[in-house]
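The values are calculated or read from the model by the stated rules, or taken from the named source; none is laboratory data. Small disclaimer: the values here were computed from a predicted structure and weren't measured. Reconstructed Cβ throughout: ideal geometry from the backbone, glycine too, with neighbour counts over all protein chains shown.
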Amino acid sequence: MIAYPVNDCQNLLVREMVDNAVKQELVKPLEAANIKLRYPVRLYTPNVFIRVGLAILTVVIVSAAFGLMGMLMGFDSLGKAFPFILSLLSYLGLEWLIRNKYHFKSGADDMLLYMGLSYLLLFFSITFGFESSQAQFLTGILSFLVFSVAAYRYLDRLCAVAALLGLLYSLGMLHLVIMPALRNFLPWTVALVFAAIFFLARKLRGSKHSLLHQDVLYWTEAAAALIAYAALHYFLVERLSLMLNTVNGANSLDEHAVLPLGCLYWAWAGIIPFLFLYFGIKQHDRLLIRLGILTLVVLPIAIRYYYQMFLPEVAMLVYGTLLIAITYFIIRYLRQHKTAFTYEPGGDQADLLQAENLLIAAGFAGTGQTAAPDTRFGGGQFGGGGAGGEY
């Protein structure tokens, strides 16, 4: 269950879709105003400048209050439980702020959430310690669970990314320290786990039951895709192998030793960006297109690192020309074929689920044309076709 009022969040989503439709000239301003009257929102969401100011003010006030409490009660008497108490107080303050003041992404609620999670992680670290690898692994797992719950309840995308990083840390500790015999399988395990998370988030993002978590799922899908891609990238696999001294004849991080299955890793690094672009264009998914562009931009850095065939300026010119050519042919293809892509603003939110909600909102708002009193079926009136005494 999310912490924010569900009805207000749904109304806010409808309002955002209406504003987007107005920008695309799909809905008239008067119709948009009528829809918004039917969907009031109590949530307080200021602009970015006020949000930053409230976040800074929250840090100052909370830190001063917690410091004063520690001085009055005694830090030594509180002991290891002090971070947990601070985390609990931050959580209670966050819940009060949401339930009574209806803060939603105002900066104050965001900072209370992050401070509460930070204190909780500090409590985990003090309780379990970092002396043993098992404790570090357990801390990573707990971080993954805590951040996942926070991302779901408070609709926070940064918590979703932090949860994935906690899971990645746990997998690293499991393969490298706890079970070193499996350390060579770490890239494959990371790629499989985060690929599964990518497809799961993608499936949930297409469900109408997860409309309020679209932003969280979007960032989860993007982060999982990038981690899965990086896990089997040739450069990172070689760096990891050299660090672990598993490459034959490689005892230095500066050596370019022959990596087993190197062709497979290079194929992964070169093919996945084009697959992102292909399925992004085919499925009209902007996220996949952006992932493809990002990975294509990063790809020449790795190629240049291993194969210095040209001078840096010549390599930049060649690769830039290649990217321009690819872009030209993609734009030409999209113009010749009817697609869902356009240069018009506001297209990011125009998927079927949101369009369906928008139509429902417009219908309930009563923005359609109503018949005049005399334009109806019946004898003797215009609507009756002249069945009575008047036409």
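A few notes on this one:
- Yes/no for A135 being buried (at least 16 other Cβ atoms within 10 Å of the Cβ) and either at pLDDT 95 or above or under 30 Å from Y4 (Cα atoms) (or both): no
- Test: residue in the range 110-129 that is assigned to a helix (DSSP H, G or I), among the small types (G, A, S) and within 30 Å of T45 (Cα to Cα): yes
- When each of A160, A181 is tested for being on the phi < 0 side of the Ramachandran plot and within 20 Å of the chain's Cα centre (by Cα), the lone residue that passes is A160.
- Count of the range 123-147 residues which are aliphatic (A, V, I, L, M) and within 20 Å of the chain's Cα centre (by Cα): 2
- Taken as a whole, the range 131-148 holds at least one residue that is over 22 Å from G70 (Cα atoms), without any contact (Cβ under 8 Å) to a residue 24 or more places away in the chain and part of a loop (DSSP other than H, G, I, E, B).
- Filtered by the rule that a residue be at pLDDT 95 or above and not small (G, A, S), the range 191-215 gives L192, V193, F194, I197, F198, F199, L200.
Residue-wise test of (1) assigned to a loop (DSSP other than H, G, I, E, B); (2) more than 23 Å from the chain's Cα centre (by Cα); (3) surrounded by fewer than 18 Cβ atoms within 10 Å (Cβ to Cβ); (4) modelled with pLDDT under 90.
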| position | (1), (2), (3), (4) |
| --- | --- |
| L242 | no, yes, no, yes |
| C263 | no, yes, yes, yes |
| A267 | no, yes, yes, no |
| Y278 | no, no, yes, no |
| I281 | no, no, no, yes |
| P300 | no, yes, yes, yes |
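- Test: residue in the range 161-175 that is surrounded by fewer than 20 Cβ atoms within 10 Å (Cβ to Cβ) and polar (S, T, N, Q): no
- Residue within the range 310-323 that is in a loop (DSSP other than H, G, I, E, B) and either under 30 Å from A224 (Cβ atoms) or at pLDDT below 80 (or both) present: yes
- Failed item, numbered, when L155 is tested on (1) crowded, with 17+ Cβ neighbours inside 10 Å; (2) without any contact (Cβ under 8 Å) to a residue 40 or more places away in the chain: (2)
- When R15, R38, R51 are checked against the criterion of being under 21 Å from Q214 (Cα atoms) and basic (K, R), R15 stands alone in meeting it.
- Residue-level check: of (1) under 25 Å from L121 (Cβ atoms); (2) in contact (Cβ under 8 Å) with a residue 40 or more places away in the chain, F84 misses just (2).
- Residues of the range 204-238 that turn out to be of a type in the set (G, A, S) and within 22 Å of P5 (Cα to Cα), as a count: 2
- Any hit, the range 77-92, residues being of a type in the set (D, E, K, R), buried (at least 16 other Cβ atoms within 10 Å of the Cβ) and in contact with a helix residue (DSSP H, G or I) (Cβ under 6 Å, 6 or more places away or on another chain): no
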